[in-house]
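The values are calculated or read from the model by the stated rules, or taken from the named source; none is laboratory data. Since we're looking at a predicted model, the values are computed, not measured. All Cβ positions, even for glycine, are placed from backbone atoms using ideal geometry, and neighbour counts span all protein chains on display.
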Amino acid sequence: MMNMAENGMTSACLKEMEQRVNLVLDEIETVIVGKREMIRLVLAAILCNGHILIEDVPGVGKTTLAKTLAKTLGCTFKRIQFTPDLLPADITGTSIYNQKTGEFEFRRGPIFAQFVLADEINRATPKAQSSLLECMEEKQVTVDGNSYLLPCPFFVIATENNIEYQGTYPLPEGQLDRFMIRLSLGYPDSSEEALILDNQAIEHPLTNARQVLAADEVLGLQRAVKDVFLETSLRDYIVETVTATRSHPSVALGASPRGSINLSHASRSLALLSGREYVLPDDVKALAIPVLAHRLILKPEARMHKIKPEDVVAEILSTVPVPAV
């Protein structure tokens, strides 16, 4: 699909990748109206093998976005509805005894898909939630001592409603840390909502969404992200930003080194989506809140004063010196 020059990506190659990505964005926007920048951040996470957590009120298109992404990127899709009675075996699969052969056979669960939607993930018990940890980190499932590789590429898109607390189980810090970015789609404005009504007057636009890329092309873009250049000063800028979360007076627990790694990878990916083979400070700034905010645990007094993790990261971005690139 895309050829790499010996000393990096050619301008023609970069232009081709940018055009293909814009086609994906355009196709998704026929279904999800007015959220192009949010979708760009989601694609940035996908192109560096990141998992996504979408936290928002019901009815703003979280599930529809996941389905549309899988369809336009040519990936297999499975949905898991998380409920309090969901068991780990309902996600990963289980071994069943075959009377004819006299042996146990592994029956794969819905986690064996390239795009997995973990819908309302906070409604399941911690035991069910924890069954995703190995899948998300190591891209494999271990059942009865046997390991089974998940398909490639593999992404988890989890959704949760942030206004419902009865019957929910907040995601533990270890689980949250596995998600590269956390986003909120938000309500559409009046003109966008009117367009949504027009688009769905006859049938849902997802029905007519086209495949723009194939799964192997997604893998090619993921390989291309690794060739994007990150200058030393920007690497240090990322480290300083993440380190500042650990010493901020409002923070009890700051972002881990995984936060630095994810911010670095996502910045490379966003640069590639913009048709560049190098990272700019604006790439880091655009991703700092989606990548870092959900990893912070605030002190009780900060929560009492209604300080949010997003406010802390925004303050840090305003104080850490931006390198001249």
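Of note:
- Residue count, the range 44-69 (criterion: touching a Ser or Thr at 6+ places or on another chain (Cβ under 8 Å), surrounded by fewer than 22 Cβ atoms within 10 Å (Cβ to Cβ) and aliphatic (A, V, I, L, M)): 0
- Options Ala209, Ala214; residue that is in contact with a Ser or Thr (Cβ under 9 Å, 6 or more places away or on another chain) and small (Gly, Ala, Ser): Ala209
- Residues that are surrounded by fewer than 16 Cβ atoms within 10 Å (Cβ to Cβ) and either hydrophobic (A, V, I, L, M, F, W, C) or not assigned by TED's automatic domain parsing to the domain that holds Val312 (or both) were ranked within the range 242-299; the one that is farthest from the chain's Cα centre (by Cα) is Ala252.
- Contact map, the range 88-112: residues that are in the same structural domain as Val143 (by TED's automatic domain parsing) paired with residues that are of a type in the set (Gly, Ala, Ser) and not in a strand (DSSP E or B), Cβ distance under 6 Å, separation 6+ or inter-chain. Pairs shown: Pro88/Ala128; Pro88/Ser131; Ile91/Gly109; Ile91/Ser131; Thr92/Gly109; Thr92/Ser131; Gly93/Gly109.
- For the range 168-191, the candidate set comprises residues that are surrounded by 13 or more Cβ atoms within 10 Å (Cβ to Cβ) and charged (D, E, K, R); within that set, the residue that is nearest to Gln19 (Cα to Cα) is Arg182.
- If you check Gly174, Gly186 for being assigned by TED's automatic domain parsing to the domain that holds Lys71 and at positive phi, only one passes: Gly186.
- Leu195 vs. criteria in contact (Cβ under 8 Å) with a residue 12 or more places away in the chain and farther than 17 Å from Thr68 by Cβ: no
- Breaking point among (1) free of Cβ contacts under 8 Å to residues at least 24 places away in the same chain; (2) surrounded by 15 or more Cβ atoms within 10 Å (Cβ to Cβ), for His305: (2)
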